[in-house]
Amino acid sequence: MEISYQPVEDNKRNKMSEPKSQTLETALNIASLDDAKAAEARRNGFFRYYLWFVPAILILFLVTLYPSIFVFWLSFQKTRYYELVGFIGLANFIEVFGSKAFWDTTFVSLTYVVGSLAGAMVIGMAAALVLNSAGITGSFLRVLILFPWTLSMSVVGSIWLWLLNPSFGPIPYLIKLAGMDPGLMLGDPDLALTLTILVTAWWSFPYVMVMATAAMQSIPNELYEAVEIDGGGAVIKFKYVTLPHILPSLGSTALTLSIMYLTLITLLIVMTGGGPLGATTTLSLEAFRGTVQAVNIGPTAVVSIVVLVINVAIGAVYTRLTGRVTG
């Protein structure tokens, strides 16, 4: 029986005879459809991705951007408490920058920030160096030393207010036993700022210790061994191994603490209230007190802008430093 394969050959011949242009057009249509679907998927993914940031952006606007814009606008106004009286231009700026009290307060603020930062950095670094090589004992002591940092500023202020009380405080009592006159302590205009700086450094140095310890523990031991082989001692190890590795962390820590010190008011309110005779009044404390007590809060808005500008400048330096470290 003879089998014919002619239908199969005819089908192949028909397929071979289809126009190539029609096949190419179909492929292009499919590719365009795929591109359109991919673009739509990317747009939908883009909006879904950034939709998660909307709550954070709203909160940022409500608690940061809007108050900043409002304070800037308020600095050009004259007020009677919180009632707007009228636009007065740069009069508030002229009044503030032409006031000797403002520059005295600025000097107190800078002294407070620099003094507290220096004390916290030195004590924190010393504690980190000692405890980093103390083994298990160091870990236990590190937990105890962290205790001041866990306390709120109001509690810290209350503790030291009692310790430094000239009538019944333990520290003035010990000074009397040593045959010296403790004076008025926090009531002495010449001594109050120094004491508040010491208390602030005591409260915040554990943060420096933790950051420095974390940076030290990331240093490879091989570097220290190489220094020992070359005959280097503890000073050489610190100068050429430890310090270069922890310097970026110390820089970012110092900038963070500077911003915190500049805006800190709770500790000062509890310990001195800005006194005596304005000896411990910082810019942030003056802005807070002016907002609560002043009749015309326009000058207070100017002081707030000054604090904001300084914070933004420090924040820019912090961002640049951390960008170099991570980059």
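The values are calculated or read from the model by the stated rules, or taken from the named source; none is laboratory data. In this text the structure is predicted, and so the values were computed from the model without any measurement. A quick note on method: Cβ atoms are made from the backbone with ideal geometry, for glycine too, and the neighbour counts reach across all protein chains shown. With ligands, DNA and RNA removed, areas are computed over all heavy atoms of the protein, side chains included. Shrake-Rupley method; radii C 1.70, N 1.55, O 1.52, S 1.80 Å.
Any chance you could count how many residues in the range 162-196 are of a type in the set (A, V, I, L, M), farther than 18 Å from Ser116 by Cβ and not in a helix (DSSP H, G or I)?
Selection size over the range 162-196: 3.
Considering only residues that are polar (S, T, N, Q), part of a helix (DSSP H, G or I) and under 23 Å from Gly273 (Cβ atoms), which ones fall in the range 120-161?
Ser154, Ser158
Looking only at the range 213-267, how many residues end up being assigned to a loop (DSSP other than H, G, I, E, B) and of a type in the set (Ser, Thr, Tyr)?
1
Between Tyr112, Tyr82, Tyr66, which is more than 29 Å from the chain's Cα centre (by Cα) and not aliphatic (A, V, I, L, M)?
From the options Tyr112, Tyr82, Tyr66, the qualifying one is Tyr82.
Hey, does the range 279-288 have a residue that's modelled with pLDDT under 90 and either surrounded by 17 or more Cβ atoms within 10 Å (Cβ to Cβ) or in a helix (DSSP H, G or I) (or both)?
No, that holds for no residue.
Among the candidates Phe87, Phe93, Phe72, single out the residue that is aromatic (Phe, Trp, Tyr), within 20 Å of Leu308 (Cβ to Cβ) and open to solvent by 40 Å² or more (accessible area, probe 1.4 Å).
Phe72
Pick out the one residue from Asp188, Asp230 that is at pLDDT 90 or above, of a type in the set (Asp, Glu) and either open to solvent by 40 Å² or more (accessible area, probe 1.4 Å) or over 27 Å from Ala279 (Cα atoms) (or both).
Step by step, each of Asp188, Asp230 is checked, and only Asp188 is at pLDDT 90 or above, of a type in the set (Asp, Glu) and either open to solvent by 40 Å² or more (accessible area, probe 1.4 Å) or over 27 Å from Ala279 (Cα atoms) (or both).
Among the numbered criteria (1) under 30 Å from the mean Cα position of the chain (by Cα); (2) over 18 Å from Thr263 (Cβ atoms); (3) open to solvent by less than 100 Å² (accessible area, probe 1.4 Å), which one does Leu164 miss?
Going through (1) under 30 Å from the mean Cα position of the chain (by Cα); (2) over 18 Å from Thr263 (Cβ atoms); (3) open to solvent by less than 100 Å² (accessible area, probe 1.4 Å) one by one, Leu164 breaks only (1).
So for the range 170-183 (the condition being modelled with pLDDT under 90, out of contact with any Cys (no Cβ under 8 Å at 6 or more places or on another chain), open to solvent by less than 30 Å² (accessible area, probe 1.4 Å) and of a type outside the set (A, V, I, L, M, F, W, C)), does at least one residue qualify?
yes
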